[in-house]
């Protein structure tokens with residue numbers, strides 16, 4: 001229970017969706033700058049409701065912190081979406097919109113998003129955000145926890161990111177952010193069943209550590225422009241420019257799991273001389289020898305190709321039916 | 001230094017023994033994703049001018065990912081062993097009860113590793129090798145003593161082995177390796193170094209078996225190129241540990257339910273090679289293959 005007198009911190013959001021008869025109704029939707037939450041007026045499907053998470057100005061700057069607490073009550077289905085891609089701008093020392101000083105008095109340089117979601121028994125969460133795009137030198141950390149009440153809770157989560165502003169003038173930015181950390185933790189009845197921690201950190205750039213405050217770039221008196229910086233994690237993501245993970249848990253998504261499993265096992269990989277433009281994998285998550293979930297990952301040569309793959313997989317796996325045709329179109333329109 | 005490796009020369013002897021490629025640990029059936037990487041046409045990517053350079057590029061990425069994910073588990077598990085007395089006390093009951101906390105935590109580490117290995121091929125290879133190391137310890141390395149002569153470390157490995165047999169633990173590689181090495185009395189530094197060296201060496205022997213490298217070149221690389229890579233991975237990950245997983249209890253004090261979240265474990269294990277994960281998970285999809293992972 002939220003204490004009535006408590007004020008929201010900057011970037012904080014509190015959401016509770018409950019089932020009332022045929023409808024899923026928001027009991028709580030609270031938020032504070034720079035976070036904005038929007039509930040579309042229209043009704044999509046019985047027992048289901050939609051929430052858009054938006055940040056002002058279409059992006060986050062260094063020091064911004066978004067913290068969301070979401071509860072989905074029994075019998076309700078929540079579809080969480082964002083509008084446009086989540087852009088993370090580069091660290092700008094000395095200029096922060098909402099940053100709260102750290103205990104040691106310095107300002108944080110990391111942009112953080114924390115999402116805590118409680119999925120009560122017989123309820124469902126579908127999280128289909130747009131990809132995160134980190135600009136050059138950005139430092140971004142995201143942690144999402146999903147507490148499933150029991151085996152009747154359902155979770156479908158999409159987590160994806162791109163290499164940066166590829167279309168920018170002058171060649172664009174590709175894999176040039178300083179740090180990207182994305183953590184997804186899934187617990188069922190309090191016990192951890194999956195923890196996916198992805199870390200792409202440029203170990204060669206001095207400001208990689210969130211703890212270091214000052215830039216360590218040495219002053220240079222040479223007029224010649226230095227060679228373009230190559231991030232140390234680049235070889236571990238190249239030659240692809242967009243990655244996604246689908247984490248699935250719960251019996252509502254059995255058709256999706258079956259679809260992924262069947263399409264994956266039907267792949268026969270012959271020896272290639274060059275990499276494909278898109279490559280994906282599927283690993284089941286089991287409990288007592290029974291398949292209760294799965295994780296699919298995909299890498300593509302463009303955000304568009306990964307998006308097409310996600311759309312096709314989810315459509316074939318019956319997600320369009322679950323969310324309804326109209327919402328399906330909205331979810332992937334941006 | 002304590003235990004079996006009571007002197008430097010004994011530790012050295014143990015290291016020689018444990019790096020013997022004839023050691024029956026089943027590691028020769030694992031290529032840790034190299035076979036899939038080659039068949040997906042990635043050997044020539046990343047600016048590699050020839051196969052040998054391609055293998056080295058793979059090795060650097062694989063070592064980075066292996067050290068960042070598995071080494072924290074190895075270190076945390078090994079320290080549990082080292083915290084126990086090396087030799088048996090007079091009371092066998094005391095020795096067994098001394099292992100209880102370490103045993104609980106060891107099982108948790110094994111489970112934590114499972115939840116963070118979200119790739120079925122890697123999971124399969126990890127448990128196969130971890131269990132093989134526990135068997136190796138039991139059948140070959142453990143001192144032959146009467147039940148009451150067994151020290152807490154030896155008892156702990158036995159408990160882990162039994163838990164795996166009973167289906168209560170999985171016996172993942174970093175945990176099994178740490179248990180074996182810790183029970184033998186290897187220091188943490190030697191264990192970490194050996195763990196990474198064996199990964200690199202086994203990748204190079206996979207490359208030889210895949211006809212990608214010749215055996216002389218493989219050993220040239222092992223000596224001249226791989227050594228700094230192992231040192232680099234070791235230097236950046238040797239101090240990383242796995243935080244204990246605490247039960248999420250609601251209604252504690254005046255906290256909201258989300259406030260009990262422990263937050264990011266910045267110094268903990270992480271996946272650093274997303275493409276490697278995908279390619280390794282596609283191993284069973286290879287039309288023809290000689291390795292099991």
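Any read-out appearing in this document is the output of simple, stated calculations on the displayed coordinates, not a laboratory observation. Every value quoted in this text rests on a predicted model; they were computed, and no experiment measured them. All Cβ positions, glycine included, derive from the backbone under ideal geometry; neighbour counts span all protein chains shown.
What the table shows:
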| quantity | calculated |
| --- | --- |
| Order of A:161, A:270, B:13 under a 10 Å beta carbon neighbour criterion, fewest first | A:270, B:13, A:161 |
| Rounded FRET efficiency, nearest 0.05, which uses the C-beta distance separating residue A:28 from residue B:224 and R0 of 56 Å | 0.35 |
| Residues residue A:204 and residue A:151, FRET efficiency given R0 of 56 Å [Cβ-Cβ distance, rounded to 0.05] | 0.80 |
| Stretchable slack from residue B:211 to residue B:139, in nm (0.36 nm times residue separation minus alpha-carbon distance) | 22.5 nm |
| Prolate/oblate/rounded call for chain B, Cα gyration tensor, a/c under 1.5 rounded | oblate |
| Cα convex hull volume per residue for the stretch B:30-82 (Å³) | 85 Å³ |
| Stretchable slack from residue A:56 to residue A:325, in nm (0.36 nm times residue separation minus alpha-carbon distance) | 94.0 nm |
| Per-residue Cβ neighbour rank within 10 angstrom, fewest leading, B:121, A:54 | A:54, B:121 |
| Principal-axis tilt of helix B:51-82 within chain B, Cα atoms, nearest 10 degrees | 0 degrees |
| Sum of -39500 (n - 2.57) over DSSP H runs of 4+, divided by residues of the protein assembly as shown (222 nm, nearest 500) | -10500 deg cm²/dmol |
| Spin-label pair residue B:147/residue B:90, simplified geometry with 7 Å Cα→Cβ offset, distance in nm | 2.1 nm |
| Ratio Rg/Rh, restricted to the protein assembly as shown and using Cα atoms, in which Rh is the Kirkwood radius | 0.97 |
| Equivalent ellipsoid semi-axes, the stretch B:143-293, via Cα gyration tensor eigenvalues times 5, rooted, Å | 34, 25, 19 |
| Alpha carbon convex hull of the stretch B:79-130, projected area averaged over orientations, nm² | 4.4 nm² |
| On Cα atoms only, tilt of B:226-237 relative to the major axis of chain B in degrees | 40 degrees |
| Efficiency of FRET from Cβ geometry, residue B:246 and residue B:16, R₀ 35 Å, rounded to 0.05 | 0.30 |
